Amino acid sequence: MTAEDRTRWYEGVDHTGVAVTDLDAAVDFFVTWFGAEVVFRLERVDDPTGRAPARLGAPRDASFALAMLALGPARLELLQWWTPQDPVPPAGPHAPGAAHLAIRVGDVPEALRRLEQAPGVEVIGGPVTFDSGPTPGLTNAFVLAMRA
């Protein structure tokens, strides 16, 4: 790879997509607890040709709905999928393909206090403040939200 090949050829991250089990509940969660704004919503797409789901890497007989949210300057795309096959349980946070969304807050304990009031939210780790390593002074905590 040449130095020219390694130059920045992209503009930046446009959005992050996350599969959810209940789109309405997920949208409500981010709007209610984080003040997210719904940029647009696409109701359930049933494409008899199968091109739309296949283009997204899903089985051709799948259907989906999505919502694009603005969280400050970031965009979050929430997708709910349906397939004729039995549903696959969501992957745990340690499984290949699993993801997490890190939201910066000014006061981690206060954020946890607020989120503990949200239905379906479970604090699973933290808060922890790192004394050394690559992120000294960073405090973080982990929560699960709306786990199916």
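Only the coordinates and a few stated rules stand behind these numbers; no lab work does. What you see is a predicted model; the values in this text were computed from it and never measured. Ideal geometry is used to build each Cβ from the backbone, glycine not excepted, and the neighbour counts take in all protein chains shown.
What's the local net charge at ASP107, with K and R +1, D and E -1, over the other residues with C-beta under 15 Å away?
On the way: positive: ARG104, ARG113, ARG114; negative: GLU110, GLU116.
Net charge around ASP107: +1.
Starting from the Cα of ALA74, step 7 Å along the direction of its Cβ; do the same at ASP61; then give the gap between the two resulting points in nm.
3.7
Could you work out the local net charge near ARG60, counting Lys and Arg as +1, Asp and Glu as -1, over the other residues with Cβ closer than 12 Å to its Cβ? Walk me through the numbers on the way to the answer.
Details: positive: ARG51, ARG55; negative: ASP46, ASP47, ASP61.
Charge balance near ARG60 sits at -1.
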